[in-house]
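Q: Mind having a look at this structure? Questions to follow.
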Amino acid sequence: MKSFFPLILMLFIVSCSRKSDVELYNEGKSAEAEKNFTKATELFEEAVNRYPAQAYAESSLARLAVIYNNDVKDPRKALDAYRRFYTLFPSSKQAPTMLFLSGFLLNNELRMIDSAKLVYETFLQKYPQHELAASARFELENLGKEPGQSLNSNLSASGESEPSKQQKPPKK
């Protein structure tokens, strides 16, 4: 019996020292504000992994995706976070945006055109009236093209001159 007491005491101390999902999220936000993205991603990951069914897991995973995409500039980790968000929280208000951003990264950053096409088609099938539906259709029409290519082809199709080829007005 005496040998179990230290074990029980240690388990009690460890369980009491665990941070809640709210604490992890708030500390992650603080680290993000301080531009300590390594610490922020660790805290947000911990919140998602330890409390996947809690409200702050959704917010933590959204922040994680944004940090990987905008701050760390790691499109593969951002894609993983967007996909995880969509899988874990399919009924979330942010789920359609996360699905769209998955397609955007696949097409524009990772150049995985076939995968991007599937994601955009899924998006349009599930969310045809979403505010990003027009963008998804545009992305599908321009899969694999460089951004300048699609702009130039759209200008040519409309009969407008390309900006760099416009004539200067005559001098007086």
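The values are calculated or read from the model by the stated rules, or taken from the named source; none is laboratory data. Since we're looking at a predicted model, the values are computed, not measured. Positions of Cβ are generated from backbone atoms using ideal geometry, with glycine treated the same way; all protein chains shown enter the neighbour counts.
Q: If the Cβ limit is 8 Å and pairs must be 6+ apart or interchain, which residue in the stretch 57-71 that is part of a helix (DSSP H, G or I) and surrounded by fewer than 20 Cβ atoms within 10 Å (Cβ to Cβ) pairs with which residue that is of a type in the set (Phe, Trp, Tyr) and at pLDDT below 95?
A: none
Q: Determine which member of the set SER17, SER59 is hydroxyl-bearing (Ser, Thr, Tyr) and at pLDDT below 95.
A: Step by step, each of SER17, SER59 is checked, and only SER17 is hydroxyl-bearing (Ser, Thr, Tyr) and at pLDDT below 95.
Q: Among the listed residues LYS39, LYS29, LYS35, identify the single one that is not assigned by TED's automatic domain parsing to the domain that holds ALA133 and not in a helix (DSSP H, G or I).
A: The unique qualifying residue is LYS35.
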